[in-house]
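Undergrad: Have a look at the structure that comes next, please.
Since every read-out is calculated from the coordinates, none of them should be taken as a lab result. These numbers come from a predicted model, not from an experiment. For neighbour counting, all protein chains shown are included, and Cβ atoms are generated from backbone atoms with ideal geometry for every residue, glycine included.
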Amino acid sequence: MNTKKSATKKEKQTHKSTGVPEIDIGISSSGRAAIVEGLSKLLADSYSLYLMTHNFHWNVTGPQFNSLHLMFMAQYTEQWTALDQIAERIRALGHPAPGTYKEFEKLASVIQVEGVPNAMEMVRHLVKAQEQTAKTARKLFPVVTEANDQPTADLLTQRLEVHEKTAWMLRSVLDE
C-alpha cells in the first residue's frame, strides 16, 4: 500500500507534458523564481564587470601597464569562472540563465564605460563596478535566507568576498 502512495506522489511531482520530475529541493517554485530573479541580475552585473575588466586588460597603457595588464587578466579570469557558477545555480533552480547582451543590458546595474579611459580612470571604474556587483549580491541575501537556500547563500558569500577584496586591491592602486 505504501508503494502505491509513493507512486502517486511521484506521478504528481512529474511534469505533465514531458514526464520529467518536478524540482523538489525544499524551496517553493515562487521562492526559486525570486532567487533566480536576483541571480540573473548578479549574472548580468558580473558579465558586465567581466567585459569591462577584459576591455581594460586589452587597452591599458602607461607606466603601470605591466602590473595593471596582469592584474586585470587575473581578475577577468576569476570572473569568467564565476559566471559559470552563477548561471549553473540558476539552472539548478529550474530556470534558464540569461545569456544575451540584450538581456544583460536590461538586468545590469553596472555602468558601462565609453571610450578608453587612462589607466587610473580604468581602476576607478573597476572599483565602482566591483562594489556595485557586491551590492547586487548582498541585496539577494534576504530572499535566499527566507527560502532557506544555503547553496545560493554560499555562492553569494564567495562572490562578496572576491568583489570586496578586489575593490580594496584596486583602491590601493589609487592611493598615492
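Undergrad: Given only helices, namely DSSP H runs of n ≥ 4 each adding -39500 (n - 2.57), what is the per-residue ellipticity at 222 nm of the chain, to the nearest 500 deg cm²/dmol?
TA: Numbers: 7 runs with 130 residues, N = 176.
Only helices count here, giving -25000 deg cm²/dmol.
Undergrad: I need the phi-derived Karplus couplings for segment 77-86: 6.51 cos²θ - 1.76 cosθ + 1.60, θ = phi - 60°, integer Hz, Gly and Pro marked x.
TA: Calculated HN-Hα couplings, in order: 5, 5, 5, 4, 5, 4, 4, 5, 5, 5 Hz.
Undergrad: Another question, then. So what are the ³J(HN,Hα) numbers for segment 38-53, from phi and the Karplus equation (6.51, -1.76, 1.60; θ = phi - 60°), rounded to whole Hz, Gly and Pro as x?
TA: Values per residue, Gly and Pro as x: x, 5, 5, 5, 5, 4, 5, 5, 5, 5, 4, 5, 4, 5, 4, 5 Hz.
Undergrad: Count the lysine pairs in the chain whose Cα atoms lie under 20 Å apart, taking only pairs 8 or more positions apart in sequence or on different chains.
TA: Lysine pairs satisfying the spacing and distance rule in the chain number 15.
Undergrad: Can you work out the FRET efficiency for the pair Asn118 and Trp58, with r the C-beta to C-beta distance and R0 = 25 Å, to the nearest 0.05?
TA: FRET efficiency, Asn118 to Trp58: 0.95.
Undergrad: Say we join alpha carbon atoms closer than 10 Å with springs in a Gaussian network model of the chain; which of Gln150, Gln85, Gln130 then has the biggest fluctuation?
TA: Largest GNM mean-square fluctuation: Gln150.
Undergrad: Given charges of +1 on the Cβ of Lys and Arg and -1 on the Cβ of Asp and Glu, with all other atoms neutral, how large is the dipole of the chain about its Cα centre, in debye to the nearest 20? All intermediate terms of the calculation are to be shown ahead of the outcome.
TA: Working: 20 positive and 20 negative charges, 183 e Å.
So the dipole magnitude of the chain works out to roughly 880 debye.
Undergrad: Over all distinct Cα pairs, what is the inverse of the mean 1/r for segment 29-174, reported as the Kirkwood hydrodynamic radius in Å?
TA: Hydrodynamic radius (Kirkwood, Cα pairs) of segment 29-174 is 15.5 Å.
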